[in-house]
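Asker: This is the structure, below, for whatever I ask next.
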Amino acid sequence: MKAKDIADVIEHFAPLATQEAWDNAGFCIGSPEAEVHGVMVGFDCTPELVDEAIAKGADMIVTHHPLIFGGLKKIDPSDFVGETVIKAIRAGIVVYAAHTNADKADGGVTALMAARLGLRNVTPLVESNLAQIGELPEPMAPADFIAFVKRAFGLQMMRYSGTGAGRICRVGICGGSGSEFIPDARRAGADAFLTGDISYHRFFGDKSLLVMDIGHYESEVAIVDKFLSLLKDNFPTFALHASTNTNNNPIHYY
């Protein structure tokens, strides 16, 4: 099988042309024409994930986050990206990523967030569809909603702006780093907005909006199982592997 056969399945789900202009989804290392005999699926392409791929005999890695985002001025083994690039090239491993195209796909990152919350009548919050808004089946008291979100995403902890005003019905969501969409959520009449990577000053504003930072990793990691499911459905007898490190979040909590 060729690497492009694997990529075609992912891109049928999340067309590469839909990625954001600043993104670098697609083939990061290697050729689409490369012959592959096994695929390792993970969230981030790390040196440890490359080691797992080598141990499993996988010669292609599929992740959510691209290994290479901007231009590389040098490939240094003492640098995280450099070490990973060197290991992958030495092992002859093709590295591929589906990022913002998978965020906005039907059934992608943001849709998976909506499903965890049981949101109904989900529509785009912004034109790019990176952020969406929907309604809870039943309104919830803010404190109850906070506890519900914590359970739904398996959170150890989260940051939030306060308990808001009134009850929570309309909820805005964006996987990863989506604090830029907080004003859009306010304008759309959201009672709460969930995303990750929210900076201090973003928590200020209209107190009727409950702003919740559930973590970048925590909001997106479900996409790994989605990738695996897609590939297994299309290649049921092919060697597909998931990382044995089920929590490779680089952020730890104490």
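Asker: For a quick check of your reading: which helices (runs of 4 or more DSSP H) sit entirely within segment 58-151 and have at least 2 residues that are surrounded by 23 or more Cβ atoms within 10 Å (Cβ to Cβ) and hydrophobic (A, V, I, L, M, F, W, C)? Outline the logic, then answer.
Answerer: On the way: elements: 80-90, 100-103, 109-117.
Output list reads 80-90, 109-117.
Asker: May I pose another question? Consider only pairs whose beta carbons are under 6 Å apart and that are at least six residues apart or on different chains; among these, list those whose first residue lies in segment 212-231 and is in contact (Cβ under 8 Å) with a residue 12 or more places away in the chain and whose second residue is in a helix (DSSP H, G or I) and buried (at least 24 other Cβ atoms within 10 Å of the Cβ).
Answerer: Here the result reads Glu220/Val109; Ile223/Ala102; Ile223/Val109, each pair linking segment 212-231 to a residue that is in a helix (DSSP H, G or I) and buried (at least 24 other Cβ atoms within 10 Å of the Cβ).
Asker: Let me ask you something else. Where the second residue is hydrophobic (A, V, I, L, M, F, W, C) and surrounded by fewer than 24 Cβ atoms within 10 Å (Cβ to Cβ) and the first is in the same structural domain as Lys56 (by TED's automatic domain parsing) and without any contact (Cβ under 8 Å) to a residue 24 or more places away in the chain and lies in segment 84-95, which pairs have Cβ atoms under 8 Å and are six or more apart or on separate chains?
Answerer: Ile86/Ile75
Asker: Related question: Which fully enclosed helices (runs of 4 or more DSSP H) of segment 172-243 have 1 or more residues being of a type in the set (A, V, I, L, M, F, W, C)?
Answerer: Details: elements: 182-187, 216-220, 223-234.
Passing ranges, in order: 182-187, 223-234.
Asker: Among the numbered criteria (1) crowded, with 18+ Cβ neighbours inside 10 Å; (2) over 22 Å from Gly107 (Cα atoms), which one does Ala14 miss?
Answerer: (2)
Asker: Further, regarding this structure: I need the full set of residues from segment 21-38 which are in a strand (DSSP E or B) and among the small types (Gly, Ala, Ser), in order please. Working first, answer last.
Answerer: Kept after step one, since they are in a strand (DSSP E or B), are these residues of segment 21-38: 26-29, 35.
Hit for segment 21-38 is Gly26, nothing else.
The values are calculated or read from the model by the stated rules, or taken from the named source; none is laboratory data. Keep in mind that what you see is a predicted model, and the values were worked out from it rather than measured. Cβ sites come from the backbone with ideal geometry, for glycine too, and all protein chains shown count toward neighbours.
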